[in-house]
Each structure stands twice: as structure tokens, then as C-alpha cells.
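Below: one structure, written as C-alpha cells.
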Amino acid sequence: MPTKSAPHPGLALKRDIEAQGLSNARAAQALGVSRSQLHRVTSGDCAISPDLALRLEFVFGSTAAHWLRLQADHDAARVRRRAKEITRGLERFVPAHKAPA
């Protein structure tokens, strides 16, 4: 069942940066991004983009796919919390191959 709560991946990134003993400024420098951009991500105000995911892969040795999956899970959970509001009034179609005969 899909989850309605998935933490922002910036929180995991913040923990990784701290575990390495890096300051936000040093991590931003290593990643080639501004301190403010990194802060927006680690505070959960900004998504991890594919560009940043690739930078994280190179700098920290993780995979870009890992970071993008975390972001997608977070985004899906945020939307799922509003599912009733979003789907109100929509019409559901049953695929022809699944329709009763």
C-alpha cells in the first residue's frame, strides 16, 4: 500500500553531510552548488533535482537513482495526502482487458 508519509530526502542528505563532518559550506563547495541552494534542499524547501542527484552520486558515492527515488517517494506521499481533493469529480475507466465479460 502506498505510504502517506515519506520524509524529504534533504533530511537524509543533511545527516550524510553531518556524518562526514562537513559544514554546509564545504559540502556545497564539493557539490558545486551555492550554500543557499544546499540549505534549501537540506531544510526540505527544495526538491533534489536530477542534476543534484548526479552531483551527490559523484561526490558521496551514492547513486543518482537512489536520491531520485527518495524524492519521488516524498512527492508521491505529499500528493497522496490530498488524493480525495485531487480526484474529486474524476471519472474512472476500467481497462477493456479487465472489464467483466
Conditions (1) surrounded by 13 or more Cβ atoms within 10 Å (Cβ to Cβ); (2) in a helix (DSSP H, G or I): number failed by residue 86: (1)
Count of residues meeting criterion [exposed (fewer than 15 other Cβ atoms within 10 Å of the Cβ) and aliphatic (A, V, I, L, M)] in the stretch 12-21: 1
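Take residues that are under 15 Å from the mean Cα position of the chain (by Cα) and tell me which of the helices (runs of 4 or more DSSP H) falling wholly in the stretch 12-82 contain 1 or more.
In the stretch 12-82, the matching helices (runs of 4 or more DSSP H) lie at 35-42, 50-60, 64-80.
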Tally, over the stretch 24-44, of residues that are β-branched (Val, Ile, Thr) and either without any contact (Cβ under 8 Å) to a residue 12 or more places away in the chain or surrounded by fewer than 16 Cβ atoms within 10 Å (Cβ to Cβ) (or both): 0
Hits in the stretch 45-65 (condition: in contact with a Phe, Trp or Tyr (Cβ under 9 Å, 6 or more places away or on another chain) and among the charged types (D, E, K, R)): 57
Close pairs from the stretch 45-67: first within 11 Å of residue 9 (Cβ to Cβ), partner aromatic (Phe, Trp, Tyr), Cβ under 6 Å, at least 6 apart: 48/67; 53/67; 56/67
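Mind listing whichever residues of the stretch 45-66 are modelled with pLDDT of 95 or more and farther than 16 Å from residue 28 by Cβ?
Residues satisfying the conditions are 47, 50, 57, 63, 64, 65, 66.
The values are calculated or read from the model by the stated rules, or taken from the named source; none is laboratory data. This structure is a prediction, so every number in the text was calculated from the model and none was measured. FYI the Cβ positions are ideal-geometry reconstructions off the backbone, even for glycines, and counts take in every protein chain you see.
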